[in-house]
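Heads up, the thing below is written out as structure tokens.
Throughout, read-outs are computed from the coordinates displayed, never taken from laboratory work. This is a predicted model, so every value here is computed, not measured. Every residue, glycine among them, receives a Cβ derived from its backbone with ideal geometry; neighbour counts consider all protein chains shown.
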Amino acid sequence: MVIQQAGGEVPEADLAGHSAPRHWFWGPGLRPGIGLPMDVPGVNRPGQRRSWWRQPWFRLLVYMVVLVVLVGSSAVVASVVGGPDLLERSSVAAAMTVGPAIAVLLLGSMVLERRPRPVEFDPARIGGLGAGLMLGTAMMLVIFGIIMALGGYRVEGTTTGYDYVGAILLLGVQAGIFEEIVFRWILFRLSEEYLGTWLAMLLSAAFFGFVHIGNPDGTVLGGVAIMLEAGLLFALLYALTRSLWVVIGVHAAWNVVQGPVLGVTVSGAMEGGWLDTSVHGPEILSGGAFGAESTLVAVMVCLLLALWAARQLVRRGLVVAPVWVRRRRIREMTAG
């Protein structure tokens, strides 16, 4: 099927994001006349109404319920088969969350959204993972270096006997994949369909910061800092690239370099690493028991990158307007 557009006919598959050209980093532009990105299903022409089961609120509800059921079922099965001790293994803990999250992403894209090859998780765009890993590594090294230069950190030496594999599975694989699917693919992406990019960014960032307050050494300051840095930046990077590969890479590298490599506590949850790093000075400089993420340095570095990403979004015309603004524009276009 084709849809008549000004300047020629555009295949419906292209508008749905199935066969449109895909860059490994930069996301595709918004659909002409619609103002929605390629990872939004079921709208291929201005004013088109979608079935209720394709509405963002319904998909968000389904995805979260199914995810909770799958994770809970996996935990029950693992406990019955291997006992409580099995649940404490890093590999099992990662598999119980990452597996269900990827299943929800793939099945949701195919069944509810009818996008068998979602642009945001296209294997052809896996190069974005490398870019994300490099960006996350560079960010954390810069933050650590500045804090160390200001006297907040001191490297006392190296450690032995650290469980690198377990830490990488939990901080890199589990946190990187599971949290990005939940907070960027489900919460940000679906709320953006209705609220637009800016409000969805604030909403997802607030939730992202809030859940980290519940970590073992979580603090309100740490939660607010994560909201301002990673919450805003990761949402903007996803909006800019429409790539889960990129944000997964940034998130994973950020955690792994911070904890297993530099020996700084990650989000008040995991301590230790290759370097034996001691903490000095006020919490706003060193992060205290929560880690580097609650420091002013981390907030400033991430906000600078977030401002760059926001500027790129505006310059490239990738900002999604709220649904009420899009509807008004369609009415004005139709009336004109």
- Note on the structure: Karplus ³J(HN,Hα) for segment 266-280 (6.51 cos²θ - 1.76 cosθ + 1.60, θ = phi - 60°; Hz, whole; x = Gly/Pro) runs 9, 6, x, 10, 10, 10, x, x, 5, 8, 8, 9, 9, 10, 9
- Round to a whole angstrom and tell me the spacing of the C-alpha centers of segment 275-336 and segment 107-157. 15
- Note on the structure: So the angle from the long Cα axis of helix 296-315 to the longest Cα principal axis of the chain, reported in degrees to the nearest 10, equals 20
- Tabulate in residue order the Karplus-calculated ³J(HN,Hα) for segment 226-232, using 6.51 cos²θ - 1.76 cosθ + 1.60 with θ = phi - 60°, rounded to whole Hz; enter x for Gly and Pro. 5, 4, 6, 9, 5, x, 6
- Extension reserve of the Leu61-Leu141 stretch, reckoned as 0.36 nm per residue once the Cα distance is removed: 25.0 nm
- log10 I(q)/I(0), Debye, Cα-only segment 182-336, no solvent, q = 0.09, 0.14, 0.17 Å⁻¹? -0.33, -0.71, -0.96
- Most exposed to least, judged by fewest other Cβ atoms within 10 Å, Phe183, Phe58, Phe290 sort to Phe58, Phe183, Phe290
- Cα-based shape type of segment 97-163, given that a ≥ b ≥ c are square roots of the gyration tensor eigenvalues and the cut on a/c is 1.5: prolate
- Message: Quick check on the exposure proxy: order His280, His251 from fewest to most C-beta atoms within 10 angstrom.
- Response: His280, His251
- Once phi is turned into ³J(HN,Hα) by the Karplus curve 6.51 cos²θ - 1.76 cosθ + 1.60 with θ = phi - 60°, what whole-Hz value does each residue of segment 25-36 show in order, with x for glycine and proline? 10, 5, x, x, x, 5, 5, x, x, 10, x, 10
- Tell me the label-point distance for the pair Leu304, Ala124, using the 7 Å Cα-to-Cβ offset, in nm and rounded to one decimal. 3.7
- Ranked highest first by the average count of other Cβ atoms within 10 Å around their residues, in what order do 29-35, 315-321 fall? 29-35, 315-321
- Message: Along its three principal axes, how long is the chain when you only count alpha carbons? Whole Å, largest extent first please.
- Response: 68, 49, 33
- Item | Distance between modelled label sites at Asp276 and His23, nm, 7 Å Cα→Cβ extension | 4.8
- Query: Quick one: helix 90-107 against the long Cα principal axis of the chain, what's the angle to the nearest 10°, folded into 0 to 90?
  - Reply: 10
- With Cα atoms, 0 to 90° folded angle of helix 323-335 axis to the chain main axis: 20
- Counting only residues 5 or more places away or on other chains, whose amide H sits under 5 Å from the amide H of Thr277 once H atoms are built in the peptide plane? Glu156
- As a check on your grasp of the helix formula, calculate [θ] at 222 nm for the chain: sum -39500 (n - 2.57) over DSSP H runs of n ≥ 4, divide by the residue count, round to the nearest 500. -16000 deg cm²/dmol
- Item | Distance (nanometres) between label positions extended 7 Å along Cα→Cβ at Arg54 and Leu150 | 4.9
- Task: Calculate, for Asp85 and Thr159, the FRET efficiency according to 1/(1 + (r/R0)^6) with r their C-beta to C-beta distance and R0 35 Å; round to the nearest 0.05.
- Result: 0.90
- Query: Peptides 237-246, 83-92: what's the order by average Cβ count within 10 Å, highest mean first?
  - Reply: 237-246, 83-92
